[in-house]
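> Got a structure for you, questions after.
The values are calculated or read from the model by the stated rules, or taken from the named source; none is laboratory data. Worth saying up front: this structure is predicted, and the values here are computed from it rather than measured. Positions of Cβ are backbone-derived with ideal geometry, glycine not excepted, and every protein chain shown enters the neighbour counts. Keep in mind that these areas ignore ligands, DNA and RNA; they rest on the heavy atoms of the full protein, side chains included. Shrake-Rupley method; radii C 1.70, N 1.55, O 1.52, S 1.80 Å.
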Amino acid sequence: MNVIRLMIVAVGGQGNLLAAKVLGEAALLTDVPFRMSEIHGMAQRGGVVESAMVFGDANSSLISDGEADILAGFEPLETLRALGKCNKKTMVITNSAPLPPFAAAVGEANYPDQYEIQQKILDKAGTLKSFDATALAIEAGNIMAVNMVILGALSRTDLLPVSTESITETIQNKTRKNFVEVNLKAFALGYKQ
Amino acid sequence: MHKLLTDEPGKKMLLLGNEAIARGAIEAGVALAAAYPGTPSSEISLNFFQMSQESDLYFEYSVNEKVSLEVAAAAANSGIRSMCIMKHVGLNVAADPLMTLAYVGVKGGLVILVADDPSMFSSQNEQDSRYYAKLSGIAMLEPSTIQEAKEMTIQAFELSEQLEEPVLLRTTTRINHSTSAVTLGKLTSPKTKGKFTRNPMRYVTVPVVSRQLHVRLLENLAKAEELANNSPFNSLEGNGKWGILCNGVSYTYVADAIQDLKIKDEVTLFHLGFSHPLPRQMLIAFLATCDRVLIVEEGEPVIEEAVKAIAQEQKQILAIGGKGDKLFSRLGEFNPALVRKTIAHWFGVKDRLPPNESPPAPDNLPPRPPTLCAGCSHRATFHAVKKAADDLDVIYPTDIGCYTLGMLPPLGMADFLICMGSSTGTSAGFSKSLDKKVVTFCGDSTFFHSAMAGLVNAVFNKHNFTLIILDNGTTAMTGHQPHPGVDMEKLGLSGFGRIDIEEVVKALGVGHLSVIHPFKLRKSVESLKEAFAFDGVSVVISREICTLYGKSLKLPKRRPFYVSEKCTNHKDCIDQLGCPAFFIKKGRVKIDPIRCTGCALCAQVCPENAIRPLKAS
């Protein structure tokens, strides 16, 4: 089976690990080999959270520089920071709504503008899909559902070896009961992007 | 029911490496486990803690790693299966019991899990704990995958009982924090009560006994080598002339590289899982079939040096590559491409992919370092200390915990740090050798772990410094584990005592003790000034619950604050406190009401009194 390497980057608290877990459970459901490695050092204290996922017949659970097939970012600056993982074929999916780090939020550093971010991504990666996932999450009923919106957009690509059905089934069964409806709605909104 | 207690052999479950290890121990019938939390091993003990509340497993958060190993050692010598879990630097703390426990041995299986952290994602060093296996003379297993982590945990108990020695189960972050599907096995109900037969000439390590026990240890080591030579965890794949020898997570990178480079027919891959003592006979046979060997191990050249020595003894002349010739670094962790490129280079094959020509990731991006949370009490304490020490020349030795983040601007409250508990010991040294005021910090959990001993020392030796104990009611950094100062009744758990830090400090005879509530800024500054003026050891306990922990306990929320029209843009709030709830919009200072916890620190800093609580809506 073809090996697909997916990198998800986010700011602590954006639900990166839940998104990765949903993909892992969906892979398990359909017997797709899956391994994931996460770096969540001090996630709750505002740091960056990375999940590297490897689907298919490989052994490692880590993605080297230039070797991601897909890079998904829940926050544009973090997508940009992870560009080292991309090559000219990498598909990038990113939220376009910024969550400025403190230095940028208080005017001590510049947050790159949206056009600049998109240019830099396209210089390095293959394709780019950038949209306001935060707005869609709010539309679905909870700003915390950015992760499900991005999952929806990921599911739309034909690169991901897990089916949309297995992902929605996992969301149904493995995410918190009182969030399932919002999660599915957010997923559907992301899927349409 | 806890998911790791699922009694469905054959079921596949998506597990984190640390969960797989905890499950393995449960399948092996572990009866007692003890730990001091430490990343990347923390989730193992967390799962044990949870499971102990609904099963026969006894688990305790011990005060530090040394004590946890002593607890487990006694249980294992009573014949019950025991486990002790720690991060790599924790094994330094537990090294004293380890070294002599190896002499004494065990009856029931004892597995010591040690989690190394190459690249230091959450540690102060990247020491290679494999040396501890060699130093103590005990057997060591190293898993390469998550499934193997579970199986090895089970086998580690078996091996421990076979050798009557503790066994080191050594992981790295990429095992602990990786996830994959794991097939569950059968659960074994633990044997929770043991038996101890008095035999001082065997169990009391006075010199005359230990001389005999050392002989016993070396005999066991020879026995362990035989087992290593026949262990299924040491395996060979392929029969080519290019030898690749690897351990732990590196195995997965090597296996991928062999596939990617299409060199399967040329390679003999030696997958080393039972790695101490080394399977000498297997290695001799392996070297005899190879023209050229590459050793792929993260960390120190442990295997490499041993293999080179074996080759020399065997009078075998062949190229053995590794760290010695700088093919691989001793710094940081490996990754698949690094390993693949090095294999390609060493054996002279073309890398499958063209070299990574694309430019590196853009630099000059605004960084996103972890910060003290909005409403963190440590920020308030640090600010009060800064105010109180305004006209003093101060050095701030610190300790390990969230408050280490106080080193970042604008607080900048950290000057020296080496290990858990070092605040008090290093302060003693600085106070003797510098003409500076010494003010040091340690957390409540760290105080009990080891800083307390330094305080005792300071009182006895009449040192001169101020210790500020940041008492936020939990072990915050590693995920809010309890410690001896925590009121467990409040967590709905019975059967625990409680040690009051204030009473301990009083009982130690500290000359000056005060308690502050750091969100009351003016009073805190006054108390701190008094403590700083005291000649001798003074202690200030800064008491305020961890805001993140308070949230998880669903404590009542305070009203968030906002910046009113009175603000004249001094920005003292931002410049002095660096609280992440602040932002600037259209040149005006704002507070994010979702992130603001209502601690009111900023309101006390604002020279215009412009920061006010939001009215209840």
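> About its Cα centre, how strong a charge dipole does the stretch B:234-347 have in debye, to the nearest 20, once Lys and Arg get +1 and Asp and Glu get -1 at the Cβ?
Values: 12 positive and 14 negative charges, 47 e Å.
The calculated dipole for the stretch B:234-347 is roughly 220 debye.
> To continue, here is another question. Under the Kirkwood approximation for Rh and a Cα-based Rg, what ratio Rg/Rh is obtained for the protein assembly as shown?
Values: Rg = 27.7 Å, Rh = 28.4 Å.
That ratio is 0.97, to two decimals.
> Let me ask something additional. Do any chymotrypsin sites (Phe, Trp or Tyr not before Pro) in the stretch B:230-318 lie in a DSSP loop with no more than 12 other beta carbon atoms within 10 Å, and if so, which? Don't jump to the answer; show the numbers that get you there.
On the way: sites: B:233, B:242, B:251, B:253, B:270, B:274, B:286; in loops: B:233.
Here no loop site has a sparse enough neighbourhood.
> Another question, then. Note the buried accessible area between A and B here, summed over both chains, with a 1.4 Å probe, in Å² to the nearest 100.
Values: alone 9480 and 27890 Å², together 33330 Å².
Chain pair A/B: roughly 4000 Å² of buried accessible area.
> If you count only protein heavy atoms with a 1.4 Å probe, what accessible area per residue comes out for the stretch B:359-426, rounded to a whole Å²? Present the calculation step by step, with values, prior to reporting the outcome.
Values: 2610 Å² over 68 residues.
Computed with neighbouring chains in place, this is 38 Å² per residue.
> Specify whether the C-alpha gyration tensor of the stretch B:61-176 places it in the rounded, prolate or oblate class, a ≥ b ≥ c being the square roots of the eigenvalues: rounded for a/c under 1.5, otherwise prolate if a/b is larger than b/c and oblate if not.
Values: a/c = 1.75, a/b = 1.28, b/c = 1.37.
Oblate is the answer for the stretch B:61-176, as a/c is 1.5 or above yet b/c matches or exceeds a/b.
> Would you mind checking which residues have amide H under 5 Å from residue B:465's amide H? H placed 1.01 Å from N; only 5 or more apart, or other chain.
B:536, B:537, B:538
> So, one more: Hey, how much of the P(r) for the stretch B:1-43 falls beyond 13 Å, as a percent of Cα pairs? Write down the numbers at each step before the final one.
Details: 547 of 903 pairs.
It works out to 61 percent of all Cα pairs.
> Another one. What residues of the stretch B:164-205 lose no less than 30 Å² of accessible area with every protein chain in place versus their chain by itself (probe 1.4 Å, heavy atoms only)?
Residues meeting the cut-off: B:174, B:177, B:178, B:179.
> Take every DSSP beta bridge whose two residues both sit in chain B, then give the antiparallel share in percent to the nearest 5.
Roughly 25 percent of the beta bridges in chain B run antiparallel, per DSSP.
> Sticking with this one: Let me confirm one metric for peptide A:61-70, namely the mean number of other chain beta-carbon atoms within 10 Å of its residues' beta-carbons.
Mean number of neighbouring Cβ atoms from other chains: 6.
> So which trypsin sites (Lys or Arg not before Pro) in the stretch B:142-191 end up in coil per DSSP with only 11 or fewer other C-beta atoms within 10 Å? Walk me through the intermediate numbers first.
Numbers: sites: B:150, B:170, B:174, B:186, B:191; in loops: B:186, B:191.
Hits after loop and neighbour filter: B:186.
> Can I ask one more? Leaving ligands, DNA and RNA out of it, rank B:345, B:480 by accessible area with a 1.4 Å probe, largest first. Walk me through the numbers on the way to the answer.
Details: B:345 130, B:480 35 Å².
Of B:345, B:480, the descending order of accessible area is B:345, B:480.
> Next question. Work out the charge dipole of the protein assembly as shown with +1 on the Cβ of Lys and Arg and -1 on the Cβ of Asp and Glu about the Cα centre, then indicate which of B:80, B:541, B:200 is farthest towards its positive end.
Selected residue: B:541.
> What accessible area per residue, rounded to a whole number of Å², is obtained for the stretch A:4-191 using a probe radius of 1.4 Å?
On the way: 6950 Å² over 188 residues.
About 37 Å² of surface per residue is accessible.
> In whole Hz, what ³J(HN,Hα) sequence does the stretch B:49-56 give by Karplus (6.51, -1.76, 1.60; θ = phi - 60°), x for Gly and Pro?
In residue order, the calculated couplings are 4, 5, 5, 5, 7, 9, 8, 7 Hz.
> Stokes-Einstein at 4 °C, 1.567 mPa s, Kirkwood radius from Cα pairs: D for the stretch B:377-552 in µm² s⁻¹?
Numbers: Rh = 16.0 Å.
Result for D is 81 µm²/s.
> When you look at the Cβ of every residue in B:254-261, what mean number of other chain Cβ atoms sits within 10 Å? The partial results should precede the final answer.
Values: counts 2, 3, 7, 2, 1, 4, 2, 0.
Partner-chain Cβ atoms within 10 Å, mean over residues of B:254-261: 3.
> Let me ask you something else. Filter the trypsin sites (Lys or Arg not before Pro) in the stretch A:144-193 down to the DSSP loop ones having no more than 12 other Cβ atoms within 10 Å, then list what survives.
Working: sites: A:156, A:174, A:176, A:177, A:185, A:192; in loops: A:176, A:192.
When the trypsin sites (Lys or Arg not before Pro) of the stretch A:144-193 are filtered for loop state and at most 12 Cβ neighbours within 10 Å, A:176, A:192 remain.
> I would also like to ask the following. Using θ = phi - 60° and the Karplus form 6.51 cos²θ - 1.76 cosθ + 1.60, what ³J(HN,Hα) does each residue of the stretch B:453-470 get, whole Hz, x for Gly and Pro?
Each residue of the stretch B:453-470 in turn: 4, x, 6, 4, 4, 5, 5, 5, 8, 6, 7, 9, 7, 10, 9, 9, 8, 8 Hz.
> About the Cα centre, and with charges only on the beta carbon of Lys, Arg (+1) and Asp, Glu (-1), how big is the dipole of the protein assembly as shown? Nearest 20 debye, please. Working shown, then result.
Details: 83 positive and 84 negative charges, 285 e Å.
Computed charge dipole of the protein assembly as shown: roughly 1360 debye.
> While we're on this one: In square nanometres and to one decimal, what's the mean projected area of the convex hull around the Cα atoms of the stretch B:234-347? Can you show the working numbers first?
Numbers: hull surface 24.2 nm².
Averaged projected area of the stretch B:234-347's Cα convex hull equals 6.1 nm².
> To continue, here is another question. Hey, how many Å between the Cα centroid of the stretch B:511-552 and the Cα centroid of the stretch B:1-69?
Each part's Cα centre sits 36 Å from the other's.
> Ignore the peptide's own chain and count Cβ atoms of other chains within 10 Å of each Cβ in B:363-376; give me the average, rounded. Before the final figure, lay out each step's value.
Working: counts 1, 3, 13, 13, 8, 15, 8, 9, 6, 2, 3, 1, 0, 1.
Counting other chains' Cβ atoms within 10 Å and averaging over B:363-376 gives 6.
> Spin-label point model (7 Å from Cα, Cβ direction): what's the residue B:490 to residue B:363 distance in nm?
Taking the simple label geometry, residue B:490 and residue B:363 are separated by 4.7 nm.
> Rounded to the nearest 20 Debye, what is the dipole magnitude of the stretch A:4-191 about its Cα centre when Lys and Arg each give +1 and Asp and Glu each give -1 at the C-beta? Could the numbers behind the result be given before it?
Numbers: 16 positive and 20 negative charges, 28 e Å.
That gives the stretch A:4-191 a dipole magnitude of about 140 debye.
> Then there's this: Going by a ≥ b ≥ c, the root eigenvalues of the Cα gyration tensor, does the stretch B:561-613 fall in the rounded group (a/c under 1.5), the prolate group (a/b larger than b/c) or the oblate group? Don't jump to the answer; show the numbers that get you there.
Working: a/c = 1.28, a/b = 1.12, b/c = 1.14.
The shape class here is rounded.
> Let me ask something else. Could you give the semi-axes, largest first, of the ellipsoid that matches chain B, computed as the square roots of 5 times the alpha carbon gyration tensor eigenvalues and rounded to whole Å? Present the calculation step by step, with values, prior to reporting the outcome.
Details: eigenvalues 440, 189, 115 Å².
Semi-axes, largest first: 47, 31, 24 Å.
> Can I ask one more? Just the number, please: percent antiparallel of the DSSP beta bridges in the protein assembly as shown, rounded to the nearest 5. List each step's numbers first, then the result.
Values: 36 of 106 bridges.
Counting only bridges with both partners in the protein assembly as shown, antiparallel ones make up about 35 percent.
> What does the highest-first list of B:419-429, B:396-406 look like by mean Cβ count within 10 Å? Write out the running numbers ahead of the final one.
Numbers: B:419-429: 23.5, B:396-406: 25.3.
For the peptides B:419-429, B:396-406, the packing ranking is B:396-406, B:419-429.
> If each DSSP helix of 4+ residues adds -39,500 (n - 2.57) and the sum is divided by the residues in chain B, what number results at 222 nm, nearest 500 deg cm²/dmol?
Working: 21 runs with 217 residues, N = 617.
About -10500 deg cm²/dmol.
> Now a separate question. So which residues in the stretch A:98-115 end up with at least 20 square angstrom less accessible surface once the other protein chains are there, compared with the chain by itself, probe 1.4 angstrom?
SASA drop of 20 Å² or more in the stretch A:98-115: A:101, A:102, A:105, A:106, A:108.
> Let me make sure I get this right: for the stretch B:1-127, a, b and c are the square roots of the gyration tensor eigenvalues over alpha carbons, sorted descending. Under 1.5 in a/c it's rounded, otherwise prolate if a/b > b/c, else oblate. Which is it? Could the numbers behind the result be given before it?
Values: a/c = 1.97, a/b = 1.18, b/c = 1.67.
Oblate, because a/c is 1.5 or more while a/b does not exceed b/c.
> Let me ask something else. Would you work out what percent of the accessible area of the protein assembly as shown, with all protein chains in place, is carbon or sulfur (probe 1.4 Å)? Each step should come with its number before you reach the end.
Values: 17830 of 33330 Å².
The nonpolar share, carbon plus sulfur, comes to 53 percent.
> Per residue, how many Å² of accessible area does the stretch B:561-613 show with a 1.4 Å probe?
51
> Report the equivalent ellipsoid semi-axes for chain A in whole Å, largest first, defined as the square roots of five times the eigenvalues of the gyration tensor built from alpha carbon atoms.
Values: eigenvalues 114, 82, 46 Å².
Whole-Å semi-axes of the equivalent ellipsoid: 24, 20, 15.
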